[in-house]
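**Q** Below are the structure tokens for one structure; questions will follow.
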Amino acid sequence: MSRPVVIDGHVHWGRWRPEREGWPGATMDEIRVALARSGIDGAVIMPTDEADNEGLAEALAPNPDGFHFFAWLDPHHPDRTMETLERHRGHLAGLKVHPSLERLRVDDAAWAPFLEFADEWRLPVIVHCGRWQEMASWKFCLTVAERHPEAAIIIAHMGGDLPTLQQDCSLEVQRRALPNVYLGTESIREYYSLRIALDRLGPERILFGSDFPLGWPAAYLAVFDGALPSEEERRLVLGANLLRLIQQKRLG
């Protein structure tokens, strides 16, 4: 059987703000090398917390093949951010929300115009989720998914970087059965949480990601291997699911 197309669903371009000292950044050349060394064919590319969407659009322009542009949403400068989304709407593949770094829960009204934009144009939205439950709980993503049924809501890190968060998240997603909710595997080390999620939700709801340059892509492919995926699970999780979501974008 031929090797499935592998798309890394979570890669950052650029440098982080000075207060993230020690967090590595990445140029387009460094991203290409990392993906090639890891046997990955393409990626979702988003800015860092510098929210340099214009810079990323310029960096992608010479050779966009295999890359999918997700804009970083800055709720503190809504007019400027919305202008950027409208200007690059033809090239946008999705949006990124980081409640922890922006200090604003995803269900806050400040995010609503961007989520309505995603709803209107059927754009997937990746939402960072982590240990800071008051700010970045996966539970808030389910509220947003109910409010914006046309936007695919991707719960990053499978709900957080603890097995309890990951497994509670997949259980509640299974219970709620919201058709527009997906789990991203970026930075997940717990292969057993991934196996549980695959069994609960089916491979159609799981998207591979690494969070490069904060994580090495090949390392998270190895974690996925630890979940003993079938060939069909590999095909869907490693690329087909993400490509399907991106192709649902409304044109106009």
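The values are calculated or read from the model by the stated rules, or taken from the named source; none is laboratory data. This is a predicted model, so every value here is computed, not measured. Counting neighbours? That spans all protein chains shown, and the Cβs are built from the backbone with ideal geometry, glycine included.
**Q** Which of the residues spanning the range 98-119 are small (G, A, S) and either crowded, with 19+ Cβ neighbours inside 10 Å or under 16 Å from E150 (Cα atoms) (or both)?
**A** A112, A118
**Q** A further question on this structure: So T81 ticks every box in (1) among the β-branched types (V, I, T); (2) surrounded by fewer than 19 Cβ atoms within 10 Å (Cβ to Cβ); (3) in contact (Cβ under 8 Å) with a residue 24 or more places away in the chain but one. Which box is left unticked?
**A** Among (1) among the β-branched types (V, I, T); (2) surrounded by fewer than 19 Cβ atoms within 10 Å (Cβ to Cβ); (3) in contact (Cβ under 8 Å) with a residue 24 or more places away in the chain, the lone unmet condition for T81 is (2).
**Q** Residues of the range 120-139 being aromatic (F, W, Y) and surrounded by fewer than 20 Cβ atoms within 10 Å (Cβ to Cβ), which ones?
**A** W121, W132
**Q** Look through the range 153-209, keep the residues that are in contact with a Gly (Cβ under 8 Å, 6 or more places away or on another chain) and small (G, A, S), and return whichever of them is farthest from V44 (Cα to Cα).
**A** The residue in question is S170.
**Q** I'd like to verify a number: residues in the range 138-152 that are more than 14 Å from A112 (Cβ to Cβ) and not in a loop (DSSP other than H, G, I, E, B), how many?
**A** Final tally of qualifying residues: 4.
**Q** Quick check on the range 122-136. Is at least one of its residues in contact with a Cys (Cβ under 7 Å, 6 or more places away or on another chain) and either of a type in the set (S, T, N, Q) or over 21 Å from V44 (Cα atoms) (or both)?
**A** yes
**Q** Counting just the residues of the range 25-66 that are at pLDDT 95 or above and of a type in the set (S, T, N, Q), which one comes out farthest from W111 (Cα to Cα)?
**A** Per the criteria, the residue is S38.
**Q** Regarding the range 19-41, can at least one residue be identified that is of a type in the set (K, R), in a loop (DSSP other than H, G, I, E, B) and more than 15 Å from the chain's Cα centre (by Cα)?
**A** No: zero hits.
**Q** If L95 passes every condition in (1) surrounded by fewer than 23 Cβ atoms within 10 Å (Cβ to Cβ); (2) within 20 Å of D211 (Cβ to Cβ) but one, which one does it miss?
**A** (1)
**Q** If you scan the range 40-55, which residues turn out to be of a type outside the set (D, E) and more than 17 Å from D8 (Cα to Cα)?
**A** A51, N53, G55
**Q** Under the condition of being over 15 Å from the mean Cα position of the chain (by Cα) and of a type outside the set (A, V, I, L, M, F, W, C), which residue from the range 140-157 is surrounded by the most Cβ atoms within 10 Å (Cβ to Cβ)?
**A** H148
**Q** Condition first: more than 8 Å from E186 (Cβ to Cβ) and in contact (Cβ under 8 Å) with a residue 60 or more places away in the chain. Now tell me which residues in the range 209-224 satisfy that.
**A** F212, P213, L214, W216, P217, A218, L221
**Q** So D211 ticks every box in (1) buried (at least 22 other Cβ atoms within 10 Å of the Cβ); (2) closer than 21 Å to K139 by Cβ; (3) of a type in the set (D, E, K, R) but one. Which box is left unticked?
**A** The single condition D211 does not satisfy is (2).
**Q** Further question on the same structure: So which residues in the range 27-78 are in contact (Cβ under 8 Å) with a residue 12 or more places away in the chain, of a type in the set (G, A, S) and closer than 16 Å to L238 by Cα?
**A** Hits for the range 27-78 are S38, G39, G42, A43, G66.
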